[in-house]
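Below is one structure; the comments refer to it alone.
The values are calculated or read from the model by the stated rules, or taken from the named source; none is laboratory data. This structure is a prediction, so every number in the text was calculated from the model and none was measured. Here Cβ is always computed from backbone atoms with ideal geometry, including for glycine, and neighbour counts include all displayed protein chains.
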């Protein structure tokens, strides 16, 4: 218990005043000789004891009144402590956004991404909450928000898998924002682990910002330069110059990376058997 005005406790010294008055005014028994008892009123001992008890109770009530008056001026109060888990005071909400799109399978990116996610989960403080979201162009709440990092670590070690899908960052960040704002917390942090493909940022989503004072911590696993070629379109055409009625395959190859290569081999397989191969020169178009 604490006091707003503790110096008013000096007023409790006033409680000694009734005690002093009681001692000073207490009647003293005097011994007197009477020639006859006929002039004295008979009083029982029980009445005398009740009278003394009444005076004592009155004295205690006066003392209590003065003490309570002093305490009222001192204004005592109690501090109510709530745990961080219940009130959110001092706790941090961690949202791990793990990119499992196709490009994360390049080199050792996927292994490094899982290692970084596990490191974040192991370093959460007691009372903090943590969730794991996997995303590509879709977002999955793999592990809901909880105060135990064990399910997150278990999912990272045995559950997360690469997908064959592209990346969209805005929808993943919006999902992380909703999860982070779902519970009270002093701080909220979104840990974005990705290779940050330019194709994952839409034209209308470049100005998106996390709300609610959410902090974004990004781990970039991409390389400064990398080779990334993709088949954009495949067409099967009839070969008009052939009498056997054979078909031609026309494919468009896009270069989505930063690394230039003078020759890119492209092969065609049918039924698991290679039927054709050609080398393209991206620099030459």
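Results, tabulated for the structure shown:
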{"read-out": "Any hit, region 139-158, residues being assigned by TED's automatic domain parsing to the domain that holds residue 198, surrounded by 15 or more Cβ atoms within 10 Å (Cβ to Cβ), out of contact with any strand residue (DSSP E or B) (no Cβ under 9 Å at 6 or more places or on another chain) and over 30 Å from residue 231 (Cβ atoms)", "value": "yes"}
{"read-out": "Some residue of region 119-127 being under 17 Å from residue 196 (Cβ atoms) and in the same structural domain as residue 169 (by TED's automatic domain parsing)", "value": "no"}
{"read-out": "Residue in region 177-198 that is under 20 Å from residue 113 (Cβ atoms) and surrounded by fewer than 14 Cβ atoms within 10 Å (Cβ to Cβ) present", "value": "yes"}
{"read-out": "Unmet criterion (only one of (1) at pLDDT 80 or above; (2) under 26 Å from residue 70 (Cβ atoms)) for residue 50", "value": "(2)"}
